[in-house]
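Quick note: the coordinates plus some simple rules give every number you see, no bench work behind them. Quantities reported herein were computed from a predicted structural model and do not represent experimental measurements. Every residue, glycine as well, gets a Cβ built from its backbone with ideal geometry; the counts of neighbours run over all protein chains shown.
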Amino acid sequence: MNIIEIIEKKKNGEVLTKDELKFAFYGYLEDKIPDYQMSSLLMAICLKGMNTEETFALTDLFLHSGDVLDLSSLKGPKADKHSTGGVGDKTTMIIGPMVASCGVMVPKMSGRGLGHTGGTIDKLESIPSFRTNLTEEEFIAQVEDIGFAVTAQTKNLTPLDKKIYALRDVTGTTESIPLIASSIMSKKIAGGADCIVIDVKVGKGALIKTMPDAVKLSQLMEAIGVFYQRKVRTVITPMDTPLGRCVGNRLEVLEAIDLLNGKGDENLRNLCIQLASHMVSMAKEIDYDEAKKEVLESLEDGRAYQKFLEFVKKQGGKLESLSIDAKKWEIHSSQDGVIEAIDALQIGELAVSLGAGRLNKEDVIDPCAGIVLNCKVGDSVSKGDILATLYSNKDVAIEMVVIEDLFQIK
Ligand code: URA
């Protein structure tokens, strides 16, 4: 077998066998195949796709590239959630505490940013001293103790996905249904939870742009869940407009804190309640409306916020030092009118260029970089109103930012 033949086979739209996938992907994991050849194979997969058998095979290869967490010592229901990636999606920081304060354990393994979409680990690392590299023992002990823990993929959990994910992030190979399905499901299965809710984002700012593709991805992930005997529910939600008001790591932590304190964006709040209710409903085997009642109570009586504080403290984070130390620029409306659209993709890409995401594998994220939106779709604005504030430690050529690309005003 040789890697060039495998790349060419996929380039020609042929089906790869599990042995061929293993040769290429495990070869890459073991540094026998270089970045450039794996990038080429990933691009061929993006362009030519993979069938269901190939996707199941790749999921299995990702899953067995490392350990599978054994959470059997945690007695009681365990629920996990995942988003296929959006702009301004800070839901994990809000939902984890909500669900844990309803008595359902949330062992959460999260990822870093991918392309123009942010990742929970980068967001949490923007909290000074916050530890995202818990050992397996620490992770399980914390879930047992307070019901919620978040860790980055440990070295021994799906290490192949970790390496491929970092390469996809910087090679334009993020938007592929089989790659997304196998990446997400291998991590979720390895993460050990028995109930999994997946928020499949669709729209301009998502990795998946169309409804038929979102349905395809949902069905594929549910089928993989059935194969591994996990309960999986998928929820398809829009990602044309950024979620909430803030995009960028520390800014999003601040927004999550506001939301847990009863302030903040209604769309974000509703989505968090919806996903948390599905998690509680599945884990406790109660109907959705009953679960929603519990979730709302945890938010409204402050238990969810207290759980968030406990979680951050447990992982070493210092919330008292959450200042935004960056230069700032304001974007003003050049006309009177109504905001018809805020382009999530353009906002996500602008946030990356401000330093909130990576353009190269080695890039270091600026925790303070990002964008705060001062308006939402449907708002009336006048010429000169502030539409958004940009934060960065780079020298931003503000005149190069094309306001019409970000905001559609009619
Ligand atoms: N989230 C993941 O974990 N993997 C993907 O490929 C996309 C989103």
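Before moving on, here are some points about what is shown:
- Karplus 3J(HN,Hα) series, Hz, for segment 195-209 with 6.51 cos²θ - 1.76 cosθ + 1.60 (x for Gly, Pro): 10, 10, 10, 10, 8, 8, 7, 9, x, 3, x, 9, 6, 9, 9
- Per-residue packing, averaged as other Cβ atoms within 10 Å, sorts the ranges 366-378, 241-253, 197-209, 45-57 into the order 241-253, 197-209, 366-378, 45-57, beginning with the highest.
- Computed from label points 7 Å out along Cα-Cβ, the spacing between LYS361 and ASP301 is 5.0 nm.
- Per-q log10 I(q)/I(0), segment 259-304, q = 0.19 Å⁻¹ (Debye; single scatterer per alpha-carbon; no solvent): -0.54
- Applying 1/(1 + (r/R0)^6) with R0 = 35 Å to the Cβ-Cβ distance of THR135 and GLU14 gives a FRET efficiency near 0.25.
- Shape analysis of segment 217-342 yields a ratio of the Cα radius of gyration to the Kirkwood radius, Rg/Rh, of 1.04.
- Take the convex hull of the alpha carbons in segment 79-320; its mean projected area over all directions comes to 11.5 nm².
- Spin-label pair SER323/TYR288, simplified geometry with 7 Å Cα→Cβ offset, distance in nm: 4.6
- Remark: the ASP145-LYS216 segment gains 21.7 nm on full extension, using 0.36 nm per residue and subtracting the alpha carbon distance.
- Global geometry of segment 324-409, whether rounded, prolate or oblate, following the gyration tensor of its Cα atoms and the 1.5 cut on a/c: prolate
- Remark: segment 398-410, residue by residue, has Karplus-estimated 3J(HN,Hα) of 4, 5, 7, 7, 8, 4, 5, 6, 8, 10, 9, 10, 10 Hz, where x stands for each Gly or Pro and the curve is 6.51 cos²θ - 1.76 cosθ + 1.60 at θ = phi - 60°.
- Potential lengthening of the chain between ASN2 and LYS410 amounts to 141.3 nm, from the contour at 0.36 nm per residue minus the alpha-carbon distance.
- Oblate is the label for the chain, because a/c, from the alpha-carbon gyration tensor with a ≥ b ≥ c as root eigenvalues, is 1.5 or above and a/b does not exceed b/c.
- For q = 0.19, 0.20, 0.22 Å⁻¹, Debye-computed log10 I/I(0) when each Cα of segment 1-125 counts as one equal scatterer: -1.10, -1.14, -1.21
- Among the listed pairs LYS201/LYS410; LYS48/LYS209; LYS293/LYS376; LYS9/LYS209; LYS90/LYS263; LYS123/LYS188, a Cα-Cα separation exceeding 23 Å is found for LYS201/LYS410; LYS293/LYS376; LYS9/LYS209.
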